[in-house]
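Derivation of every value follows stated rules applied to the coordinates shown; laboratory data play no part. Since the structure is predicted, the reported quantities are computational estimates derived from the model, not experimental observations. Neighbour counts run over all protein chains shown; Cβ positions are idealised from the backbone, glycine included.
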Amino acid sequence: MSLLANRFQKRLSKKARQGFRGWPVATIAFYGPDLRRASKVAIGIVAFERADAEPMQSWSSDDVDVRHDLLIAQQLAEFIELHGARTVATAEGIIGCPHQEGIDYEGEWCPVCEFWKGRDRFTGELLPKSDD
């Protein structure tokens, strides 16, 4: 990771660690084909309590981890500043497949990201098998 990309990452991490500082809230989530590489990041701005995230934007990469991409880190920081987010909330790690059910695939599990089949998207742990 370049020093500049690391600077943007540290800035975002610092804002996230500050906790709730008021509305609007920027929510950041990383997605990937497995737990090793984030191939997509999505950000949404929640203007007030119980509001939908709007606007939303995402960035994807087929070859690099988006968590370590300088341009994406800079664009995330600019998006947050542009929309006046006072709080940044981010999930720890990668929270699931980068493909969207109903848009990229139909059914319960993504056929491309076999890793996520039968796993909890927040922990990556295998879910108990059901007896049905």
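Each stretch of four or more DSSP H residues adds -39500 (n - 2.57); spread over every residue of the chain, this sum gives -7000 deg cm²/dmol at 222 nm.
Each residue, Leu126 and Glu114, gets one label point 7 Å from its Cα in the Cβ direction; the gap between the two is 1.5 nm. Which of the listed residues, Gly19, Ser60, Phe8, is farthest toward the dipole's positive end in region 3-99, when Lys, Arg count +1 and Asp, Glu count -1 at the beta-carbon? Going by the charge dipole, the pick is Gly19. Seen against the Cα atoms of the chain and their longest principal axis, helix 3-17 is set at about 90 degrees.
For the chain, the longest principal axis of the Cα atoms and the long axis of helix 70-82 meet at an angle of about 60 degrees.
For the peptides 77-89, 37-49, the ranking by mean Cβ contacts within 10 Å, running from highest to lowest, is 37-49, 77-89. One Cα centroid belongs to region 1-61, the other to region 74-114; the line between them spans 8 Å. Considering only alpha-carbon pairs that sit under 8 angstrom and 6 or more positions apart, the relative contact order computed for region 1-61 is 24 percent. When you restrict to C-alpha pairs under 8 Å that are six or more residues apart and normalise by the size of the chain, the relative contact order lands at 29 percent. For the chain, the Kirkwood hydrodynamic radius from C-alpha pairs, put into Stokes-Einstein at 25 °C and a viscosity of 0.890 mPa s, yields a diffusion coefficient of 156 µm² per second.
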